[in-house]
Every structure is written in C-alpha cells, then in structure tokens.
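The values are calculated or read from the model by the stated rules, or taken from the named source; none is laboratory data. The structure displayed is predicted, hence computed values, not measured ones. Quick reminder, even Gly has a Cβ in these numbers, built from the backbone with ideal geometry, and neighbours come from all protein chains shown.
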Amino acid sequence: MTQLGNTVQGGTSDTTSGQNARTILLPAMSEDGTLNSISCWLNTLNSTDRRVKYLIYDSSDNLIAESDVYSGADVSVITLVTLNVAGSVALTSGAQYRIAFFCEYTGTAYTYDILASSSEFANETYPTTPDPWVGTTTSRNLAIYLDYTASTGPTLTGPDTTTVDATRTVTGTALDTATTAGLKTVGYSKTLTITPIDTVSFSQVDEIDAGIALGTPVASLPVEADVLAAGATAWQIQQWVDDGVNPEVARNITLNYLAAHTTVQAMIATANTTPGESLQATNIIAVEDDMQHSGPNVVDTVTITRAADGTLTTDKDQTISFTERYWSPSTGQASYAGITVKGSAIISVGGASNTLRLNYVNKTQFYIN
C-alpha cells in the first residue's frame, strides 16, 4: 500500500475553533489505484458527540467519498486516527484530489506545518457533508494523508498503429486478467467491444453476420484521414482493456484503412453535394461534419485522386467501378456504396457488401477487416 499527502505529524497543533473542516490538495497521482483509508493526527474525539469523518474530493471540489465515522475509544491526546473508506473508490493517474477532516467538536485539535496557501478551512454543520467543497485558503499545511493500493490490472504498451486486414499483437502486462477489450474513438460514445475475450476462436464484435444485406450500415470506427477538409478535426482511436476491477486502461493507436486507399474527412461547408460530380453527393450520402469516405487509389490501371470536397479526377477517360466506404459520426456506423465513374463523372451508384470488423484472435491479438 502507498501513502500520499503529509505523512509526518505536524510540528504545531491548534484546535478547530469553529473551523471544523480542513483540507489539503494532494499532489497528482503517479499511478492508478484504489483508495483504502485516510489518516490524520487529531485529539478530543469520541463516538458520541465528538465524532469525525474524512472526505475526499476531485480536482473540481466535488465530493467523491466519505470515510467511516470514528467510533473508537476516547482520544484525549494527539493520535494518528485512521478511518477506512468503503467501496472501491478508484484513483486515477495524473488526477489531483483534495482530502479533509470534518469534525463535530469545535475543540478538536489537529497538527500542521507552515506552508503558504497549502490548505483550506471551512465552518460546516456536522454531519452534513460539504459538497462541493468551498473553503478559505490558509498557510496551515494540515498533517493528513490517504492510503491506496496501486492498480495491478492490465497495462498497454502497444501497438502504436494497425491497418485494416493486418493482425496486430497487443502488448502490455497482466493482459490475461482482462475480461473486455476493444477499440474506441476518443471523446465519442461509440465503441467496438468484445466480451468476454475468447482465447480459442475468432470473435466479431460489430453485430455483423454472414447474411447482412448489401449496403446495410454496421457499427464501425473512423480511420486515419489522408485528406482533411478545412475545419475538420482528426479522430483519435484508442485500444482499451478492462479487468472489471480496476479502471479501464486505454492507449492511443493509429488506425489506418487499407493500403493504396485514400480516406477523406469531409465538412458540410466545403462539400460538393451535386449528384454526378462528387463522392459527397446527396444521392450517395448525407454529408456531416467530420464524416469520412475511403476508396482505392487505382482501379484497372486507372489512378483516382480524391479532393476534400468529394470530387475526383482520374488519369484515364475509362469506365471503372469500385467500393467507397462511408463512416458517419452521428451513428458510429459504416456503409458502403458501389461507385462507377468515367473520367471525373460519377455515372452510377449502388450498394456494396464490404464491412469493417474488429476481430480478436485471442486476448492479445486483433485484426480489422
């Protein structure tokens, strides 16, 4: 177990004198963990009319949890008083937390050292817990700390990139403890998940079956864009694992579409939506900000060049057909259209059966196709 805070009794003591709630803001967590208890040097406590409890707040001063209420023998001299925090309160690496004591008796003594702007106090009515915390800054650096157990759940170290149809091995530690895993888009509610992880057979996690109708949308993800329209914001994909006990672990990964394909990320303001002129035309798709479409660079020796507004050019005046993949940010789904072009003109549009799947071979290998 690990302590965070002021773990040494303060050199000076005083009573609360009407300031019966005091806090310190802890340094940022260096790792994930689970909160066990909070400890503070106090005296003049009992289990009837001189009770005390500890509080923990997030960096926005919102209450996260409370400790047990002190219920032991009378404390008449300054003593390290430790109170457990029930439940599995997760502490996140990089986050800062505020911890406080909150006592019933205004003559309760505490210890501190002098450090400018290191603590805050408030006068609150016990036992109504202050939430959010609102206090007055003081230089009395309160001797209080928390105890936590560092996370022993999975960690991720790779891969940094993957490509559709290419198998990638997930690297990290304790991956055998994971019960769910997948890929997700940062800041976006849609995710592809596998649960439970099957160590033997392939697992598809986008609700696709072999009998899917042509052109039917399927749950999917955006990919790395090659062409960004003005104003577009690139999507960030993360791989993640979860053991069901510790906080989910996620890591950025670059998700590329098929080799020798181009992905355009579109914006409504720049889209050419005229049928016959553009891959963003109204007869193919309803353009959304940051939607994507992807297709091959060469078909039957004809080179295709895609522009941010959906128009295309070819290097030969020849009729060719190909599949264009569309991804919608509003639904999190991909759909596919069969496109036939001659020169720079789109002469027909139809459904297509291609799909994007996230597959796990086992707990540490996945591929997308």
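Among the strands (runs of 3 or more DSSP E) confined to segment 82-174, the ones with at least 3 residues that are of a type outside the set (Gly, Ala, Ser) are located at 98-103, 109-122, 136-142, 144-150, 155-158, 161-163. Of the residues making up segment 314-332, those that are in contact with a strand residue (DSSP E or B) (Cβ under 6 Å, 6 or more places away or on another chain), in a strand (DSSP E or B) and either in contact (Cβ under 8 Å) with a residue 40 or more places away in the chain or acidic (Asp, Glu) (or both) number 4.
Restricting attention to segment 81-95, the residues being modelled with pLDDT of 95 or more and surrounded by 14 or more Cβ atoms within 10 Å (Cβ to Cβ) number 4.
For Thr79, state whether it is under 15 Å from Ala143 (Cβ atoms), free of Cβ contacts under 8 Å to residues at least 60 places away in the same chain and either of a type in the set (Ser, Thr, Tyr) or touching a helix residue (DSSP H, G or I) at 6+ places or on another chain (Cβ under 7 Å) (or both). The answer is yes for Thr79.
When residues in segment 44-71 are screened for being within 41 Å of the chain's Cα centre (by Cα), of a type outside the set (Ser, Thr, Tyr) and surrounded by fewer than 12 Cβ atoms within 10 Å (Cβ to Cβ), 1 of them pass. When segment 126-142 is filtered for residues that are of a type outside the set (A, V, I, L, M, F, W, C) and more than 16 Å from Ile114 (Cα to Cα), the ones remaining, listed by number, are Tyr126, Pro127, Thr128, Thr129, Pro130, Asp131, Pro132, Gly135. The single condition among (1) at pLDDT below 95; (2) over 14 Å from Leu146 (Cα atoms) that Leu63 does not satisfy is (1). The residues of segment 330-345 that are modelled with pLDDT of 90 or more, surrounded by 14 or more Cβ atoms within 10 Å (Cβ to Cβ) and not charged (D, E, K, R), listed by number, are Ile339, Thr340, Val341, Gly343, Ser344.
Do the conditions hold for Tyr112, that is, is it buried (at least 17 other Cβ atoms within 10 Å of the Cβ), at pLDDT 90 or above and closer than 30 Å to Val249 by Cβ?
No.
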